Amino acid sequence: MKILVIEDEPRAAEYLRQGLSEHGYIVETALTGADGLHSAVSGNHDLVLLDIMLPGIDGFAVLSALRTAKQTPVLMLTARGNTDDKVKGFDLGADDYLVKPFQFPELLARIRALLKRGIQAAPENVLYAANLQVDLVKHRVIRSGNSIDLSPKEFALLVLLMQRSGEVLSRTQIASLVWDINFDSDTNVVEVAIRRLRAKIDDPFDVKLIHTVRGVGYVFEHRA
Ligand code: CA
């Protein structure tokens, strides 16, 4: 199991490297956000330990940029016990959060839990965006750790949008793909379904994923 530690304080980075190595993990360290982001995107780590307070590109910016490319589990580390930080971290797609100073056994337990979760989820059966997870097999939708109930049509609509992430879909396209009917004359049904879906998966959260493209349709996108 390969862990990337992004921590600017050399002694803390070394402490983590040594402690984790002793427990059998292969550890790579990065002392800046820029180096860490580069390693995280180009490498194949099983987990990233990410300090929030980094000079230059901070942990939030690293996380946000990483999530546009990869879903590597991220455990955020911070000296601040600030609830806002915690919420912001989760909204940006962090998987867990640990406040410094922490006990090493607690860190190990959190790492084991995250790695186990990563192995269990077959990636092709689960779609991810920011902190949203959609399990195609279990028909389960989770955002920020909260389970969300969707109707079968809402679920189909969300899956379509996520699978064509970044692509603008017209109301007519959506109508024919989700409802299998040609709604040329009346695409109001799509607008109503989008509104219901947004109320469940976007409205309660800071980071919006479904965007309206005026006069065209809708696009699903995690805009950092
Ligand atoms: Ca730091």
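A few comments on the model shown:
- Dipole moment magnitude, nearest 20 debye, the chain about Cα centre, only Lys, Arg, Asp, Glu C-beta charged: 400
- Legend: residue pairs Lys153/Lys200; Lys88/Lys138; Lys88/Lys200; Lys70/Lys208; Lys2/Lys88; Lys2/Lys70, Cα-Cα distance threshold 23 Å; pairs beyond threshold, Lys88/Lys138; Lys2/Lys88.
- Compactness of the chain, taken as the C-alpha radius of gyration over 2.2 N^0.38 Å, stands at 1.13.
- Put a dot 7 Å past the Cα of Glu191, heading toward its Cβ, do the same for Val168, and the two dots end up 1.8 nm apart.
- Estimated Rh, the stretch 2-117: Kirkwood, alpha-carbon pairs, angstrom: 13.7
- Cβ crowding within 10 Å averaged over residues, with 9-17, 102-110 ranked highest first: 9-17, 102-110
- The stretch 126-220 pair-distance distribution - Cα-Cα, 10 Å bins, rounded %: 16, 54, 27, 3
- FRET efficiency for Arg198 and Ser42, using Cβ-Cβ distance with R0 set to 30 Å, rounded to 0.05: 0.30
- Modelled spin-label separation between Asp149 and His211, with each label point placed 7 Å from Cα along the Cα-to-Cβ direction: 3.2 nm.
- Computed packing ranks the peptides 51-57, 89-95 as 89-95, 51-57, most packed first, by mean other Cβ atoms within 10 Å.
FYI, it's all coordinate maths here, none of it is from the lab. Bear in mind the structure is a predicted one, so any value in this text is a computation, not a measurement. Cβ: placed from backbone, ideal geometry, glycine included. Neighbour counts: every protein chain shown.
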